[in-house]
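Data block below; observations after.
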Amino acid sequence: MACENNLVVKQIIDLYDQISKLKCLKPSKNVDTLFGQLVSTCLPTDTNIDVTKMSDEVKDMRSNLIKLCGEAEGYLEQHFSTILGSLPENQNPLDHLNIFPYYNNYLKLGKLEFDLLSQHSSHVPNKIAFVGSGPMPLTSIVLAKFHLPNTTFHNFDIDAHANTLASSLVSRDPDLSKRMIFHTTDVLNATEGLDQYDVVFLAALVGMDKEAKVKAIEHLEKHMAPGAILMLRSAHALRAFLYPIVDSSDLKGFQLLTIYHPTDDVVNSVVIARKLGGSTMTGVNGTRGCMFMPCNCSKVHAIMNNRCKKLMIEEFSAIE
């Protein structure tokens, strides 16, 4: 049976038809319901559906749907970042992040990404760049608060308003206000300084189509330090209707280390690569950081299930 004749794919197409007719994608009961149904429909991983092998019509629909999801996600973050930033001066917005509907997913994703990073880096990163941080930079916040208490995070976003909202979130926190820095720029215009980061994260929605995603990766490869880690978010199976896919062929100039496909409610796959030409034992510019001291709980989530391990984690012979 052709992929597009699959019942679940038909459900996704039907949801796309409804979402594409919405006059506004800002949070509302109807918008929240439709996108909630879409995410639930795309979560199952026990499928061999390959979105890259579907008809051109379905591929076009998927491309449009990803853009709609990105727009709605941006509005959702703006909405809740504005609410949190409007709290009384005596309250720290970071103490109330649980009002964001997907906060628990970010907690899981942050823990997963930290675990994977600790497996492939021998030192704690001094400086991390997050490209496409948005109005609610939850990845940076989660990593800074719970996993990397001495690391500085530089957040890049093309939208000045998004950075204003994000900066407001951390401005009242005595710790993160000193360790979170915001840069308003298109990453393709950022050249000097990208070689100062031990780790660079590329958000899932930076590069909404294959050409734009590859262009961003190529720019980072040109300006990152040899040996630095690149962490990207991808998608697998039905979840590729929600986010773009990053293929190993997109990572020219990088040593691909791991692709991890979650099987729980964490939607994004995680891709880890290392810029070619550097030592794995030192940080950027040859500096040596503190060694990671992984605890028992830091054994990658997915290793949560030996049965799924072979299916959901792609380890490459290039890793040390």
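The values are calculated or read from the model by the stated rules, or taken from the named source; none is laboratory data. Predicted model only: the values in this text are computed from it and were never measured. Every residue, glycine among them, receives a Cβ derived from its backbone with ideal geometry; neighbour counts consider all protein chains shown. To get the accessible areas, we keep the full protein, side chains included, count just its heavy atoms, and leave off ligands, DNA and RNA. Shrake-Rupley method; radii C 1.70, N 1.55, O 1.52, S 1.80 Å.
For the reader, a short list of remarks on this structure follows.
- The residue that is modelled with the lowest pLDDT, among those in region 106-142 that are in a helix (DSSP H, G or I) and in contact with a strand residue (DSSP E or B) (Cβ under 7 Å, 6 or more places away or on another chain), is 120.
- Residue pairs meeting the criteria (Cβ under 6 Å; at least 6 apart or on separate chains; first in contact (Cβ under 8 Å) with a residue 12 or more places away in the chain and assigned to a helix (DSSP H, G or I), in region 168-186; second among the β-branched types (Val, Ile, Thr) and surrounded by 14 or more Cβ atoms within 10 Å (Cβ to Cβ)): 176/170; 179/152
- In region 89-100, residue least open to solvent (accessible area, probe 1.4 Å) [restricted to those that are in contact (Cβ under 8 Å) with a residue 40 or more places away in the chain and assigned to a loop (DSSP other than H, G, I, E, B)]: 92
- Listed conditions (1) surrounded by 12 or more Cβ atoms within 10 Å (Cβ to Cβ); (2) modelled with pLDDT under 95; (3) not small (Gly, Ala, Ser) are all met by residue 53, apart from (1).
- Taking the numbered list (1) surrounded by fewer than 18 Cβ atoms within 10 Å (Cβ to Cβ); (2) within 20 Å of residue 176 (Cβ to Cβ); (3) of a type in the set (Asp, Glu) in turn, residue 77 passes all entries but (1).
- Scan of region 19-43 for residues that are touching a residue at least 24 places away in the same chain (Cβ under 8 Å) and open to solvent by less than 60 Å² (accessible area, probe 1.4 Å), ordered by number: 19, 20, 25, 27, 31, 35, 38, 39, 41, 42, 43
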